[in-house]
Each structure stands twice: as structure tokens, then as C-alpha cells.
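Engineer: A single structure is presented below for examination.
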Amino acid sequence: MNNSMLAIESVSLSQEPKFDNKPKLREREQKLVNIIDAIQKIAQTNEWSSLKTEIFDGLIKQLEKELRDEAKKEDPNPNKLNRIAGQLKWAERYSDLTTLEDVYRAELSNVRMQLYGKNE
């Protein structure tokens with residue numbers, strides 16, 4: 001068996017230039033920090049409180065009921081089910097700013113882990 005071919009392949013693979021993604025990660029880190037700061041500031045305003053009361057309160061329950069009602073039908077419309085499910089996912093994500101902030105914090109933690117090798 002000729003192992004020289006394996007040695008050549010392993011050398012050529014190890015000599016491939018590695019892509020440095022740290023600048024992109026640092027850019028993403030800064031964007032995430034800005035997003036989290038903005039979410040925190042928005043959550044403290046009276047305007048957000050008004051929007052939450054007028055638009056988002058009860059929206060999730062309404063969409064869940066609509067989804068259940070459509071699913072219980074004898075011949076449910078798959079397009080309508082998908083549309084309602086998408087709206088429900090959107091409402092769950094954006095109606096609670098604390099949850100949204102947690103999503104971005106988790107991503108920030110992941111980015112920092114890639115950049116620095118530890119959670120910061």
C-alpha cells in the first residue's frame with residue numbers, strides 16, 4: 001500500500017489558506033450590542049407600552065385559537081394553516097421585547113464565544 005498519496009493530501013489540505021472571519025464577527029458583535037441597547041430603550045418607553053396594549057396583547061391567543069379552529073376543520077386549508085403559523089411565530093417573537101432581547105443576547109454570546117473563546 002502506498003501511503004505517500006495520503007501524506008501528500010494531508011499536506012495540501014493543511015496548507016490551504018484559512019479564511020479570517022473575525023472582522024465579520026466583530027461587526028456582527030457591534031450590531032448585536034446596538035440592537036440589544038435599542039430594545040432595552042424601546043421597552044422603557046410609553047410608546048411601546050401603548051403599542052403592546054393596542055396591538056400585541058391578546059394577539060397570540062387569538063392566533064392560537066384561529067390555528068386550532070382551522071386545524072379542527074374536516075378539510076383544513078394548508079396554506080391558511082401555514083400563514084397563521086407564520087403569524088403566530090412572528091407574534092411570539094416580537095410581542096415580548098424581553099424574549100426578543102434574549103434571542104439577540106444568545107446570538108451575541110455565540111459570536112463572542114467564536115471571537116474570544118469564552119462568554120463575555
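Engineer: Starting with the fewest neighbours, write out Ile35, Ile84 ranked by other beta-carbon atoms found within 10 Å of each beta-carbon.
Structural biologist: Working: Ile35 17, Ile84 20.
Ascending Cβ contact count within 10 Å gives the list Ile35, Ile84.
Engineer: Using only the alpha-carbon atoms of the stretch 21-116 as identical scatterers, what base-10 log of I(q)/I(0) does the Debye formula give at q = 0.14, 0.17, 0.21, 0.23 Å⁻¹?
Structural biologist: -0.69, -0.83, -0.98, -1.06
Engineer: How large is the direction-averaged shadow of the alpha-carbon convex hull of the stretch 33-77, in nm²?
Structural biologist: Values: hull surface 18.5 nm².
Mean orientational projected area (the stretch 33-77, Cα hull): 4.6 nm².
Engineer: Counting only pairs 8 or more places apart or on different chains, how many lysine pairs in the stretch 21-116 have C-alpha atoms closer than 18 Å?
Structural biologist: 13
Engineer: Pulled fully out, how much extra length does the chain show between Ile42 and Glu64, if you take 0.36 nm times their separation in residues and subtract their Cα-Cα distance? Can you show the working numbers first?
Structural biologist: Working: separation 22, 0.36 × 22 = 7.92 nm, distance 2.66 nm.
Gain on extension, Ile42 to Glu64, equals 5.3 nm.
Engineer: Could you tell me, in Å, what Rg and Dmax come out for the Cα atoms of the stretch 60-120?
Structural biologist: Rg and Dmax of the stretch 60-120, Cα atoms, are 17.4, 55 Å.
Since every read-out is calculated from the coordinates, none of them should be taken as a lab result. Everything numeric in this text was worked out from a predicted model, so none of it was measured. When we count neighbours, we look across all protein chains shown, and the Cβ atoms used for this are built from the backbone with ideal geometry, even at glycine.
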